[in-house]
Amino acid sequence: MNTICCKWDGVICNYFIGNTIDIDLSCGMLQGIIHPNTTLFHLPYLQRLNLTYNDLYSSQLTHNLTKFSSILTHLNISAS
């Protein structure tokens, strides 16, 4: 809760209100499953998500897309 994630690599925030609006984890060497209860699906101001070129086997991202806010305009999960 007290972590300033806006300073993390690949995370872009709206600095006026402090909300995460863009996450780019492409080529991030991520491996494994993104579980349906992950906090990734609880970012109501997220506009762009890039997870390309990771090894996200058995993740059911398409089943969880409804959890994303309608503000999400770009989703890239190719080669993941």
- Note on the structure: Taking the stretch 12-45 and keeping only residues that are within 15 Å of Asn76 (Cα to Cα), out of contact with any Ser or Thr (no Cβ under 6 Å at 6 or more places or on another chain) and at pLDDT 90 or above, one is left with Ile21, Asp22, Ile23, Asp24, Leu25, Cys27
- Task: Filter the stretch 68-80 down to residues that are surrounded by 14 or more Cβ atoms within 10 Å (Cβ to Cβ) and at pLDDT 65 or above and give me whichever is nearest to Cys27 (Cα to Cα).
- Result: Ser80
- Query: Quick one: would you say Thr39 is of a type in the set (S, T, N, Q) and surrounded by 11 or more Cβ atoms within 10 Å (Cβ to Cβ)?
  - Reply: no
- Query: Restricting the search to the stretch 55-67, which residues are of a type in the set (D, E, K, R) and at pLDDT 80 or above?
  - Reply: Asp55
- Hits in the stretch 1-39 - residues which are in contact (Cβ under 8 Å) with a residue 12 or more places away in the chain, closer than 23 Å to Tyr57 by Cβ and not in a loop (DSSP other than H, G, I, E, B): Ile23, Asp24, Gln31
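The values are calculated or read from the model by the stated rules, or taken from the named source; none is laboratory data. Keep in mind that this is a model prediction, so the values were computed, not measured. FYI the Cβ positions are ideal-geometry reconstructions off the backbone, even for glycines, and counts take in every protein chain you see.
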